[in-house]
Each structure stands twice: as C-alpha cells, then as structure tokens.
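Notes for the one structure printed next.
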Amino acid sequence: MAKKEKKRLQVVISDEQDALLTKAAYELSNPERLVSKSEVVRLAIQKIAQDLEEGKASLEDLLKNLEPEEEE
C-alpha cells in the first residue's frame, strides 16, 4: 500500500492562540489517547469547512475573528 503524502504548513500564532491549542489538546486527550496540537488544528479545519458548507457559519463572521497580523 502506498504511503499517503502529507503536506506541511507553518504558521505564526500568538502566545494566546498557542495556549488555546494546548488547552484544547489537553481537554480532548485522555489516558488512552493523547491528542496533539497538530490534530487539534486538523479538527478545526474540518469543523470550519463543515460549518461553512452547512451554512452554520459565514466566511465574513469567521474573518472578523482574525486579528490583524502584526508586522515584525
């Protein structure tokens, strides 16, 4: 069976966003199954796409939640 090719994505996130990722991973984990921050990101991508598709969220509303990126 061929190995599934994976894509890598690097993003810059704030300390607050990192803390939210860590908290979500911790809350989704249990002794039998630890959930990584990468898995939380993949779940969030699926959830956003599903909500947009089902009309539960609008792109405009989601974009309002984004903070303007600070220049370095």
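The values are calculated or read from the model by the stated rules, or taken from the named source; none is laboratory data. Treat the numbers as computed from the prediction; the structure is a model and nothing was measured. Every residue, glycine as well, gets a Cβ built from its backbone with ideal geometry; the counts of neighbours run over all protein chains shown.
Among the residues of segment 25-51, which ones are over 24 Å from Q10 (Cβ atoms) and either surrounded by 11 or more Cβ atoms within 10 Å (Cβ to Cβ) or in contact (Cβ under 8 Å) with a residue 40 or more places away in the chain (or both)?
Q50, D51 - these are the residues of segment 25-51 that are over 24 Å from Q10 (Cβ atoms) and either surrounded by 11 or more Cβ atoms within 10 Å (Cβ to Cβ) or in contact (Cβ under 8 Å) with a residue 40 or more places away in the chain (or both).
For segment 9-23, give me the residue count where each residue is of a type outside the set (A, V, I, L, M) and surrounded by 10 or more Cβ atoms within 10 Å (Cβ to Cβ).
Here the count works out to 5.
I need the full set of residues from segment 29-72 which are modelled with pLDDT of 85 or more and in a loop (DSSP other than H, G, I, E, B), in order please.
Scanning segment 29-72 gives S29, P31, E32, L34, V35, S36, E54, G55, K56, A57, S58.
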